[in-house]
1. Could you go through the stretch 211-218 and let me know if any residue there is within 26 Å of VAL27 (Cβ to Cβ) and either at pLDDT 95 or above or out of contact with any Phe, Trp or Tyr (no Cβ under 7 Å at 6 or more places or on another chain) (or both).
2. Which ones in the stretch 178-216 are within 18 Å of the chain's Cα centre (by Cα) and charged (D, E, K, R)?
3. Are there any pairs with C-beta distances below 7 angstrom linking a residue in the stretch 317-343 that is of a type in the set (S, T, N, Q) to a residue that is surrounded by fewer than 22 Cβ atoms within 10 Å (Cβ to Cβ), with the two at least 6 apart or on different chains, and if so which?
4. Could you check how many residues of the stretch 321-380 are closer than 17 Å to GLU278 by Cα, of a type in the set (Gly, Ala, Ser) and in contact with a Phe, Trp or Tyr (Cβ under 7 Å, 6 or more places away or on another chain)?
5. Can you pull out the residues in the stretch 359-373 that are among the hydrophobic types (A, V, I, L, M, F, W, C) and either crowded, with 19+ Cβ neighbours inside 10 Å or at pLDDT below 95 (or both)?
6. For the subset of the stretch 247-271 comprising residues that are farther than 16 Å from CYS322 by Cα and basic (Lys, Arg), which member is surrounded by the most Cβ atoms within 10 Å (Cβ to Cβ)?
7. Check whether at least one residue in the stretch 141-154 is closer than 30 Å to GLY69 by Cβ and out of contact with any Gly (no Cβ under 7 Å at 6 or more places or on another chain), and report yes or no.
8. Take ILE142 and decide whether it is among the β-branched types (Val, Ile, Thr) and more than 15 Å from VAL27 (Cβ to Cβ).
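The values are calculated or read from the model by the stated rules, or taken from the named source; none is laboratory data. This is a predicted model, so every value here is computed, not measured. Ideal geometry is used to build each Cβ from the backbone, glycine not excepted, and the neighbour counts take in all protein chains shown.
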Amino acid sequence: MSVDALAETLIPRLRATVAPSEAARRVTDDAVALLKAAGLIRLLAPARYGGQEDSPRAQILANAMVAHGSAAASWVQMVCTAHTFILGRFPLACQDEVFGGDPDVLIPGTPASQGTCERADGGLLVNGRWQFCSGVDHGRWILAGARGKTDAAGKKTPSMLVIMPITDLTVEDTWHVLGMRGTGSKDIVADNIFVPVYRSVSVAAAFLGIVPGIESPLYRLPVAATLSAMGLGTIVGMAEAGLAEFLDQTRIRQEIYLPGAKANRAGLQMRVAEADTEIALARTLLLRNCDLLEAAMRDTAPMDTVARAQVRWHSAYGAELCRRAADRLYAAAGAHATFDANPLQTFFRNINTVSHHAVVDFDSVAEMHGKALLGVEQSEPGLV
């Protein structure tokens, strides 16, 4: 059975976790248990620890299918397996400690350099606050990006990705939001935390996929482009599920002040046709990204800037297509779609929340892609 087909079998049980996850503002233990039992957390974990070490395609398609059952569970699965993918380029001593014989370990956090780091004897001192740490209630370890500080002598510490035990950190419940409420994407705070050198890796090398000594093609993929493709997987699945829900509700809706069924209205039919095509095109871009990433895995050279920018643009544009489809459908969903209990309200809130994520930011990524096409130097080439 393919991974996405396996994920499809979870949909009915995942749907039962949606309301409890929304109410608790964290994905439920039951949802996490389902993902682990199906092997979906270990898809990108190193094979040496019992992981699948698969290509991103498997994870991306599984994310999309899980989103048909629960957007929150899909997002937490996507984020934590994406961090597993990043951890595969850390020193082996760190991997031994984190995986510890458990390829299903969830690793919340954020690779964005929201905190700081500075050299200390044998490691780094890390400080700061990181927002949007999806799934933080289910993790023993936290992945975080940290900007390097310059010391009094003028020596700069490079920016680093670090792994910290959650027991060293403070979790602050800031997650009161419009959508994706069930992801539990709270803040974490580090106050002068010591991180040994073996639990860190250079941001620049990790993001470009050029960490010395890494032989696995999976862990040589660029971080930002790959993470954007993973995020689009969840977004496409959410959009597909939202469209299906809209069609199910609209087939039986009747006009209130006019005779006849809503489905007989040409304007609504046109909305459905356009939204369906937008979402289908977003899936096409998703699959194109899978092809590009797998091609990069077959190449011994790092993925070049043009290809990375193309993946980022496919992800951003695909997310925008899904957002437009959601807006168009919700505008025709009727007054009953405003109730909290209506899945169409959740769909609308979730899509409009997740499309704000930095990896699919439409304006900045359009600029990246345009620069790549025109041969203009990128302002941050390593983060494309």
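1. Yes; the residues of the stretch 211-218 include at least one that is within 26 Å of VAL27 (Cβ to Cβ) and either at pLDDT 95 or above or out of contact with any Phe, Trp or Tyr (no Cβ under 7 Å at 6 or more places or on another chain) (or both).
2. Within the stretch 178-216, ARG181, LYS186, ASP187 qualify.
3. From the stretch 317-343, the pairs are THR338/GLN345; ASN342/HIS336.
4. Qualifying residue count for the region: 1.
5. Result: VAL359, VAL360, VAL365, MET368, ALA372, LEU373.
6. The selected residue is LYS262.
7. yes
8. When the stated conditions are applied, ILE142 passes them.
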